[in-house]
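Before any comments, here is the structure.
Quick note: the coordinates plus some simple rules give every number you see, no bench work behind them. All values reported here derive from a predicted model rather than from experimental measurement. Methodologically, a virtual Cβ is constructed for each residue, glycine included, from the backbone with ideal geometry; neighbour enumeration extends over all protein chains shown.
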Amino acid sequence: MPQFFSQIYFHNTVLDYLTFLASLVISFICIKIIGYVLIKRLTKRAKKTETQRDVSQASSENSQAAGDDSQASSDNSQASSDNSQASSDNYVIKSIKRNILPSAYFAAFYFATKILYLNPDITKIMNTLLFAFVTIMGAIIASTLVIFLFSRYWASKPKDSRNELTLTWISRAFKALIWGITLILFLENMGIKVNTLIAGLGIGGLALAFAAQAVLADIFCFFTIFFDKPFEIGDFIIVGPQYGTVEHIGVKTTRLRTLDGEQLLFSNTDLTNSRIRNFKTMEERRVLFVIGVKYSTTYDQLKEIPGIIRKIIANIPGTTFGRTHFVSYGTYSLNFDIAYYVLSSDYDKYLDIHQEVNLRIKEEFEKFDIQFAFPTQTVHLQNKSITSAEENDNF
């Protein structure tokens, strides 16, 4: 039996191969057990944190219902802390599964191979694979860590200043930067002349830039929209004669959904070169309109009209009275200029309120026997024969 273990195959004894397999199996089992225990504990901790968060949110809602703002604020802070803790635990669990465990398995395999004598060519291949694996895993871990830290920072900002699109594109930019640096370092260590490669890519990129000027202009305009934020997804905007709700902001085009249900596509260049009316920040809407009454309206009725209008608008919730004045003598009407404010940016609510204003004006005018004007024309007829007789008598 000892002779069997001493037999040599490819410069290694049978005992060396068995030792290699035993160390590999033991290492894999240990990594599996440690990973299982860590993931189980972190999962249990994350579930406990989520339960505490739900309790904190319920307590916050109850405090708000009871009118205790200080308690609600404390509960919201606790819920935010619980959210951060749960997010950290979930991040660690994903990192263990995706990055740490594969790295541990590969490291165990690599160090186990040190027990064996390997051909120099195989050793060189193993070292190259090790370097490639370490480089890739390092890039993955670095990009994941940077994105995680940036996401935590982004989540700590006020909700109004957050933008999921911004977070997505900044995360992609971080990934591209880290992987670009990783690729350059890997090629440099592999003996490839990176400077020559970069110079060649630069010349090719310059030629490509001339061939795709319009596309690049849209891309640069996307970054203008991205950082300047003239509008965001969900905003209702007007661009020239077109209007709609922003549905998607892409690298080259932006899509709007009109009130009729149609989808409008704008190039980002067109949007940045246009005057855009954004209704997102509008807190109130000014309403200005003119009504005309007949010339037969009496002086006392004319004096009553501003007070009637003021009373009507003041009694409608969600409005603020502006002004009412008798402004002009029209072609066929006496004109009153009316202004008031709707304390909402909702267009449907504005229409409901304005309709109510019109209906109440009609009702009140009927009570005071005030009649609205409409286009009229007065024709004066003169009898020619009578006129001629009167002229002869005078003559």
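Subtract the Cα-Cα distance of K303 and I33 from 0.36 nm times their separation in residues, and report this length gain in nm to one decimal. Show your work: numbers first, answer last.
Details: separation 270, 0.36 × 270 = 97.20 nm, distance 9.07 nm.
The K303-I33 span can extend by a further 88.1 nm.
Which FRET efficiency value, to the nearest 0.05, is calculated for I141 and L15 with the Förster distance at 41 angstrom and r the Cβ-Cβ distance? All intermediate terms of the calculation are to be shown ahead of the outcome.
On the way: r = 37 Å, r/R0 = 0.91.
Given R0 = 41 Å and the Cβ-Cβ separation, E is 0.65.
Which loop chymotrypsin sites (Phe, Trp or Tyr not before Pro) in the stretch 237-296, with loop taken from DSSP, have no more than 13 other Cβ atoms within 10 angstrom of their Cβ?
Passing both the DSSP loop test and the Cβ count: Y295.
Stick to the Cα atoms of the stretch 223-278, pair each with every other, and give me the Kirkwood hydrodynamic radius in Å at one decimal.
Details: mean 1/r = 0.0905 Å⁻¹.
One decimal place: 11.0 Å for the Kirkwood radius.
What does the net charge come to around L302 if you take all other residues with beta carbon closer than 14 Å to its beta carbon, with K and R at +1 and D and E at -1? Provide the component values of the computation, followed by the final result.
On the way: positive: K294, K303; negative: D300, E304, D337, D369.
Here the count lands on -2.
Find the relative contact order for the stretch 285-367 and round it to a whole percent, using C-alpha pairs within less than 8 Å whose residues are 6+ positions apart. Numbers along the way, then the final one.
Values: 106 pairs, mean separation 30.7, N = 83.
After rounding, I find 37 percent.
Fully extended, how many nm does the chain gain between I276 and F227 (0.36 nm per residue separation, minus their Cα-Cα distance)?
16.0 nm
Using just the Cα positions, wrap the stretch 285-367 in a convex hull and report its mean projected area in square nanometres, one decimal place.
On the way: hull surface 21.2 nm².
Over all viewing directions, the stretch 285-367 projects a mean Cα-hull area of 5.3 nm².
Taking Cα pairs under 8 Å and at least six residues apart, what relative contact order does the stretch 223-278 come out at, in percent?
Working: 87 pairs, mean separation 17.8, N = 56.
This gives 32 percent for the stretch 223-278.
With each label point set 7 Å from Cα along the Cα-Cβ vector, what nm distance links I181 and Q242?
4.1 nm
Once R0 is set to 35 Å, what does the formula 1/(1 + (r/R0)^6) return for the Cβ-Cβ distance between F109 and A155, expressed as a FRET efficiency to the nearest 0.05?
Plugging the Cβ-Cβ distance into 1/(1 + (r/R0)^6) gives 0.35.
Is there a quick way to get the dipole size of the stretch 285-367? I mean about its Cα centre, with the Cβ of Lys and Arg at +1 and of Asp and Glu at -1; what is the value in debye to the nearest 20? Spell out each step's value before the answer.
Values: 11 positive and 10 negative charges, 42 e Å.
Taking the Cα centre of the stretch 285-367 as origin, the dipole is about 200 debye.
Using label points projected 7 Å from each Cα along Cα→Cβ, tell me how many nm separate A314 and E283, to one decimal.
2.4 nm
Report the one residue of T269, F231, T254 whose Cα lies farthest in the direction of the positive end of the charge dipole of the stretch 223-278 (charges on C-beta: Lys and Arg +1, Asp and Glu -1; origin at the Cα centre).
Result: T269.
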